[in-house]
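Down below is the structure, laid out as structure tokens.
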Amino acid sequence: MRSLVLIGHGSHLNPQSASSVYAYADLLRSKGLFDEVVEGYWKEEPSLRQVLRTAHYTDVTVIPMFISEGYFTETVIPREMGLGHQGPVPPQGVARSIGGRTVRYTLPYGVHPRMAEVILERAREAYPDLNPADTALIVLGHGTTRNENSNKIVYQNAERMREGGHFAEVHALFLDEVPKVTGWQEHVGAPNVVLVPFFASEGWHTLETIPEDIGLTGEVTVFEGGANGTQTVYYSKPVGTHSAVTEVILQLAEDARGAAAQGGDIDRSHQDAWDAFVRLAEQTVRIGEVIVRPTEGMFEIRHALDEGRANESLVTLVTPEGLRDQVRLDEAGEFRPVHTLRNLPRGWRAVLSTAELRRAVHLLYPAVIEESYAHHHHALRCTPWNATARRQTGIYAKVQKATPQQVEHVAKDVCGGCMKTRLWADEPLHQTFFGGVPGAIPCAEACTLLVAEVREEVSGKRGAAASPSHD
Ligand code: SF4
């Protein structure tokens, strides 16, 4: 019995940021090769700090859904998940025993050798008439000065493609560092050029900055009058969204399994929490802003303020994923990166089987059942602000300079709209919904939204328009 945990970056601003991780998780779930597939994020919920708590089994494989090794895969993810590892991950991954679970942490999918095949597939999709004699390939990476490993994989793949002899020329170019993609015409002599972004997802860079920087007008752009004559650029979709990536993920999970081929058991504390919740739901329970009640052998979840509304006047959702997509935005269309903010949209009801209830409530209020149950049994460990601040690195290290007044000032704004009670700031919480108080939900440590806002406060930028680089 194994849980597969896919880790994405996520975003506080962009509701689409997690889409590719959702898509891979859904696809892997449908293949039924794992007993459970859950997702965790740096900037969304369940957070990296919470996600292990949400795994149902004691054998957990964690795969970073990142395109390259670097700061996140080597520093942030292992640190936040408490893996006791920092730095490069060996090819066989890292295995740790954490809280009764065996946790296997793998390399990110992007560094797997099979990604070279994905690059070739993307190139052929973009230019089906590809002729190796007159076509150049550009493998386009992001480029960063923070960790040289993140470029290494782009160069490695370019080398693999060169060795494969599929193209007249192969170049590794970057968005943010030399050799820059903006100067592609200085490097490429072939009349046909396939540009394959070595990016994890479709987003701001692939849809806006790359086309703008080099003047692409669509999937095919003809450039006339250059030093090398007329050149046609075929722009592919990013490698990270290709369906073959699921095969790469499975291979990574298989490689990480190592000697312990027998798998794990059900995690007892996790099972106890959900059993207790289902018993409450069988009697009807209010949790946060929703009511969960039994109905004709199923369970119904709806907004508590929609109680009494006719079923026909509500949108009926019949899958946990349908519920996830329904509550991702508030009624004003704003993204909800923290699920316990008091802005759950109304106007829907989800009707689900007992088997689907756990996943649905997990998507609605990630880790809330597990943490509330632990608090109810005096077993929830809190992390005070100072410990959270000390742990931060990179651009977030400056939150260590925040005064208690600054943290409190920001928390009043951010946490004021959240149903959780800040145990990490010594706010008292005597009961949870397990004790009959619907909105009583513990917050064991400051979330990344609060950390990001404190950073803005310390930088004197709070209230200024957020930019994607701050996300
Ligand atoms: S830190 Fe504040 S906003 Fe974030 S989850 Fe806790 S209470 Fe909610």
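Here are a few things to note about the model shown:
- Ranked by the mean number of other Cβ atoms within 10 Å of their residues, highest first, the peptides 394-405, 241-252 fall in the order 241-252, 394-405.
- Taking region 32-124 and dividing mean pair separation by its residue count, relative contact order in percent (alpha carbons under 8 Å, at least six apart): 28
- Alpha carbon centroid spacing (whole Å) that separates region 1-36 from region 231-260: 14
- Separation in nanometres of the label points that stand 7 Å from Cα toward Cβ, at Glu224 and Leu207: 3.1
- One Cα centroid belongs to region 157-186, the other to region 377-426; the line between them spans 44 Å.
- Ordered by 1.4 Å accessible area with all protein chains kept, His56, His171, His378, His409 run largest first as His378, His409, His171, His56.
- Karplus-based coupling profile of region 226-232, in residue order and whole Hz: x, 4, 9, x, 6, 10, 10, with θ = phi - 60° in 6.51 cos²θ - 1.76 cosθ + 1.60 and x standing for Gly or Pro.
- With both labels modelled 7 Å from their Cα along Cα-to-Cβ, the Glu282 to Thr383 distance reads 3.6 nm.
- Each Lys and Arg contributes +1 and each Asp and Glu -1, all at the Cβ; summed about the Cα centre of region 372-470, the dipole is approximately 280 debye.
- Using a probe of 1.4 Å, the accessible surface attributed to Asp272 totals some 50 Å² when neighbouring protein chains are kept in position.
- Shape annotation for the chain: C-alpha extents along the principal axes are 74, 50, 49 Å, from largest to smallest.
- Placing unit charges on the Cβ atoms of the charged side chains and taking the dipole of the chain about its Cα centre, the candidate lying farthest along the positive direction among Ser19, Val51, Pro442 is Pro442.
- Among 90-98, 281-289, the peptide with the highest mean count of other Cβ atoms within 10 Å heads the list, and the full ranking is 281-289, 90-98.
- For region 269-366, the Cβ-based charge dipole about the Cα centre amounts to some 140 debye (Lys, Arg positive; Asp, Glu negative; other atoms uncharged).
- About its Cα centre, the chain has a charge dipole of approximately 1360 debye under the convention of +1 per Lys or Arg Cβ and -1 per Asp or Glu Cβ, with nothing else charged.
- Compared with the dominant principal axis of the Cα atoms in the chain, helix 448-458 is inclined by about 80°.
- Taking amide H as placed 1.01 Å from N in the peptide plane, Asn192 has its amide H under 5 Å from the amide H of Ala136, Thr232, each at least 5 places away in sequence or on another chain.
- Helix axis angle, 115-126 relative to the chain longest principal axis, alpha carbon, degrees: 70
- Ranked order, Thr448, Thr206 - accessible area, probe 1.4 Å, largest first: Thr448, Thr206
- Under-5 Å amide H pairs with Thr316, H placed in peptide plane, nonlocal only: Arg349
- Estimated inter-spin distance, Phe335 and Ala355, nm [label 7 Å along Cα→Cβ]: 3.3
- Only lysine pairs 8 or more places apart or on separate chains count here, and in the chain those with Cα atoms under 18 Å apart total 7.
The values are calculated or read from the model by the stated rules, or taken from the named source; none is laboratory data. Bear in mind the structure is a predicted one, so any value in this text is a computation, not a measurement. Glycine gets a Cβ as well: all are built from the backbone with ideal geometry, and neighbour counts include every protein chain shown. Note: areas computed on protein heavy atoms with side chains; ligands, DNA, RNA excluded. Shrake-Rupley method; radii C 1.70, N 1.55, O 1.52, S 1.80 Å.
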